[in-house]
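Everything below concerns the one structure shown next.
None of the figures in this text is laboratory data; all of them are computed from the coordinates on show. In this text the structure is predicted, and so the values were computed from the model without any measurement. Every residue, glycine among them, receives a Cβ derived from its backbone with ideal geometry; neighbour counts consider all protein chains shown.
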Amino acid sequence: MSGVVSHLGGGHGRVERPALAERGGVRLLLLGLAMGFLGLFLLVPLGVVFLTALRDGLGAYFRAITDPETFSAIRLTLTAAGIAVPLNLVFGVGAAWLISKYEFPGRSLLITLIDLPFSVSPVVAGLIFVLLFGARGWFGPWLDQLDVKVIFAVPGIVIATTFITFPLVAREVLSVMQAQGSDEEEAALTLGASGWQIFRRITLPKIKWGVIYGVILCNARAMGEFGAVSVVSGHIRGETTTIPLHVEILYGEYHFAAAFAVASLLALIALFTLVLKQWVGWQSRRSLDAHPAAGAALNTQAVGGVAT
């Protein structure tokens, strides 16, 4: 027993758990398997993307990413993400607030519907919107009378992107709200605070990092979406092609270096998203663990302040 206690009481506050420790050989084997898997399925593909993109030199690389059609694809991708992410932010925070703070009929159904895009193939989602808004769809004749074009146009791309990405913010924020509970909100409500005061001064500061995390994931998914956007876009070059679709077109035309040059932009976005995601996670852990007493005092002040 004394041996176990001595292991548990580290000199620098580190707690070791011998019952869960593996022998050196097993640990090295697991580490080797993990690093081999990451190298084969992550690092090697990334290296191939950048090596192929630069195969014809920096001049060809910059010509590919500064081509007018590439600029058009980048602009459309940013437009779709710039519309879809704020919409999902509003919906996600509102849905998470509703589900975590209230009990109502259909609550479980709402949670299931939020998860629906996770279980539906993006191609099927695109086909659904074609059946709804296409020329022969349910709303097609009515939209044609109004001279409004959704499918094979920017609105269809925005709708498809929004549908595919809308669970991301809601799920991240919901998990944070459920973990933190609603004791402070209930205390503020008994002090006479309004719903907006409670949300602005108590709930929003607590879920700030969850919201940022969800927005980062949502933006990355929106920029990289291919399946649903491919169905509703029509692949009109320079008009309805996003970055992933432009890569597909270049590759299909055997412009391999140009295709990988544009694909490298998506790879850089992915790497930047990964770094930003890690930074947000670090900031979140730091704010929760560094000064728990100060955080509790601030929460107490917020609860008392919303009623004034």
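Structural remarks
- P(r), alpha carbons of region 116-253 - 10 Å bins starting at zero, rounded %: 12, 30, 24, 18, 13, 3, 0
- Charges were assigned to the Cβ only: +1 to each Lys and Arg, -1 to each Asp and Glu. The resulting dipole of the chain about its Cα centre is roughly 620 debye.
- Taking a ≥ b ≥ c as the square roots of the eigenvalues of the alpha carbon gyration tensor, region 82-126 is oblate, as a/c is not under 1.5 and a/b does not beat b/c.
- Estimated FRET transfer efficiency when R0 is 41 angstrom, pair E103-L42 (beta carbons, to 0.05): 0.45
- For K101, a cut-off of 21 angstrom between C-alpha atoms picks up these lysines, skipping any fewer than 8 places away in its own chain: K206, K208.
- Residue exposure sequence - E172, E186, E248, E225 - by fewest surrounding Cβ within 10 Å: E186, E248, E172, E225
- Under 5 Å from the amide H of E239 lies no amide H of any residue 5 or more positions distant or on a separate chain, with H modelled from the backbone and absent for Pro and chain starts.
- Counting only whole DSSP H helices of the chain, the ones at least 20 Å long by C-alpha along their axis and with mean Kyte-Doolittle hydropathy no lower than -1.0 are 24-38, 68-101, 154-180, 204-224, 256-289.
- Neighbour-limited loop hits for trypsin sites (Lys or Arg not before Pro), region 36-144 (at most 14 other Cβ within 10 Å; DSSP other than H, G, I, E, B): R55, R136
- Positive-end ranking of L268, A188, V229 along the dipole of the chain, with charges on Cβ about the Cα centre, is headed by A188.
- Each of L113, L168, F41 was placed along the dipole of the chain (beta-carbon charges, centred on the mean Cα), and the one lying farthest toward the positive end is F41.
- Sparsely packed trypsin sites (Lys or Arg not before Pro) within region 183-283, loop by DSSP, other Cβ within 10 Å at most 15: R237
- Diffusion coefficient, µm² s⁻¹, Stokes-Einstein with Kirkwood Rh over alpha-carbon pairs of region 13-138 at 37 °C and 0.692 mPa s: 155
- Computed over the chain, Cα set: Rg, Dmax in Å: 24.7, 83
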